Amino acid sequence: MTLPVVPLGDFDLSDVAFWTAPRDYRDGAFKTMRDTPGLPFFEEALIEDSPFPRGPGYYALSRHEDIWHVSRNAQLFCSSKGSNIGDLPQEMNEFFGSMINMDDPKHFRLRSIVSKGFTPKEVGRVEDNVRVKAAEIVDRLLEQFPDKQCDFVEHVAAALPLEIICDMMGIPSEDYAKVFKWTNTILGVGDPEFGGTLEDLMSHALEMFMYAQALGEDRRANPRDDITSVMMAADLDGDQLTPQEFGSFFILLVVAGNETTRNAVSHGMKALTEFPEQRDILYGDFAGNSKTAMEEIVRWATPVIHFRRTATEDTTLAGQELKAGDKVVMFYNSGNRDERVFEDPFTFDVRRTPQPAQIGFGAGGPHFCLGANLARREMTVMFDEIRRRLPSMRITGDPDFLQSAFINGIKRMPCAWD
Ligand code: HEM
């Protein structure tokens, strides 16, 4: 595939217009960055009416190798200054981001406690539930859409992760829609359709936080068969999660668990439609190919576009001298198209086995996605259900993309089956 040549200086990663430009233009820009020695620097976006000052700018990491290095050297590149590009006061970082915005030992403590909800045993317990929910989604499609077409995002991709994470946490089904609205506003902050303002974000996050605190307190007093109870009961040398910590973790978990997997499934269906020979390979031997196919879908989709780290001391990266306090932003989308690691990176290949691996769940290190195994299970089961019961399902129109530099989201996308 030939990409357009997009010279450095012609584009600005902080300009929202860049993220709505055609895909191949953006891919061309990232290729230029990968091929240019050193690290390009960008000013931060000026956010109108923001109560916070504009930050000092950031270096963009586009090569797989550099992202790998930064992710795995958490002492040199920390998370506690924030994992999104803009700066927030420290308390707000932890309020919104929970452990994704912490360093060890704080991060280690929290991750050790909440990991109890994500052991293979706990994820195994939801396995049957994932199957049941995926089957119900297809049942509903067959019942509700006799003309055999619907919106793929709303009726297929969004439903599974939302219902699974809510169920795991012990959220009753009548509250699913509320949770869905909260997560949409939080991650859709740049997109006018979801409210889009900082104020909306704050008020939804606060509502969600209060809801979670109450849930946590309830499960500590009256444990049930859900991971909220497991987490609230978890004891680390006499140390337990406070309801506030649980509240913030809940925001992270529900947002991270919903908005990512749904986009992976949507981009996956789109790719299987665009490359029918790959769909035939996957559907032809699902047991044999699903493992590599799900990794390839996550690589192809890269649902989370970037996370940031901050240098804790002066250092050098890719020949670029960095000072303590400099921000580096890891563009996973670009690392996942790095031709130094992936042969024909712009080819969708469900049997691909790259070494080192794709970095859609992060590039290793202490913050590697806590829900990666759950996400892989959900995706596998959903595509298996589609393959078995609706093998002709395909995308039939243009996707409506989320306007965001952070989440590679699809808001709507028509699909049909025979
Ligand atoms: C395809 C789906 C998903 C993708 C692409 C994804 C991607 C990511 C990425 C890129 C990170 C940051 C890694 C780093 O900084 O090194 C992350 C962290 C995280 N993810 Fe996921 N994620 C997905 C699904 C999930 C699910 C289903 C859950 C939970 C139910 C989840 C929970 C988390 C949590 C809690 C963290 C923070 C971990 C920490 O800071 O220690 N994710 N994810």
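Under the 0.36 nm per residue contour assumption, what length would be gained going from the current alpha-carbon distance of Ala233 and Glu343 to full extension?
The span from Ala233 to Glu343 would gain 34.9 nm if fully extended.
Between Tyr176 and Phe41, what's the calculated FRET efficiency when r is the beta-carbon distance and R0 is 41 Å? Round to 0.05.
0.45
For each pair in Lys81/Lys116; Lys81/Lys323; Lys81/Lys106, compute the distance between the two Cα atoms and list the pairs where it is over 19 Å.
Lys81/Lys116
What net charge do the residues around Asp15 carry, taking every other residue with its C-beta under 12 Å from that of Asp15, with Lys and Arg at +1 and Asp and Glu at -1?
Within the 12 Å Cβ shell, the charges total -3.
What is the distance in Å between the Cα centroid of region 1-23 and that of region 242-259?
Each part's Cα centre sits 34 Å from the other's.
Run the simple label-point estimate for Lys106 and Phe368 please: 7 Å along Cα→C-beta, distance reported in nm.
Using points 7 Å along Cα→Cβ, the separation is 2.4 nm.
Run the accessible area of region 271-401 with a 1.4 Å probe and give the carbon-and-sulfur part as a rounded percent.
47
Using the heavy atoms of the protein chains alone and a 1.4 angstrom probe, what is the accessible area of region 303-351 per residue in square angstrom?
Ligands and nucleic acids excluded, the figure is 38 Å² per residue.
Kindly provide the trypsin sites (Lys or Arg not before Pro) of region 217-317 that DSSP labels as loop, not H, G, I, E or B, and whose Cβ sees at most 11 other Cβ atoms within 10 Å.
When the trypsin sites (Lys or Arg not before Pro) of region 217-317 are filtered for loop state and at most 11 Cβ neighbours within 10 Å, Arg224 remain.
Each label point is 7 Å from the Cα along the Cα-to-Cβ direction; what then is the distance between the points at Ala324 and Ala21, in nm?
Going by the 7 Å Cα→Cβ label model, 3.7 nm.
Work out, step by step, the length gained on full extension between Glu154 and Glu274: first 0.36 nm times the residue separation, then minus their alpha carbon distance; give nm to one decimal.
Full extension from Glu154 to Glu274 adds 41.2 nm.
Given a Förster distance of 51 Å, report the FRET efficiency between Ala287 and Ala214 from their Cβ-Cβ distance, rounded to the nearest 0.05.
0.75
Given labels modelled 7 Å from the Cα in the Cβ direction, how far is it in nm from Thr119 to Glu136?
It is 2.7 nm.
Roughly how many Å is it from the Cα centre of region 263-328 to that of region 82-143, as a whole number?
The distance from the Cα centre of region 263-328 to that of region 82-143 comes to 18 Å.
For every helix of n ≥ 4 consecutive DSSP H residues, a contribution of -39,500 (n - 2.57) applies; sum these over the chain, divide by its total residues, and give [θ] at 222 nm rounded to the nearest 500 deg cm²/dmol.
-15500 deg cm²/dmol
The values are calculated or read from the model by the stated rules, or taken from the named source; none is laboratory data. It should be emphasised that the depicted structure is a prediction, and the values quoted were computed from it without experimental measurement. Note: ideal-geometry Cβ built from the backbone for every residue, glycine included; neighbour counts use all protein chains shown. Please note that ligands, DNA and RNA were not included when accessible areas were found on the heavy atoms of the full protein model with its side chains. Shrake-Rupley method; radii C 1.70, N 1.55, O 1.52, S 1.80 Å.
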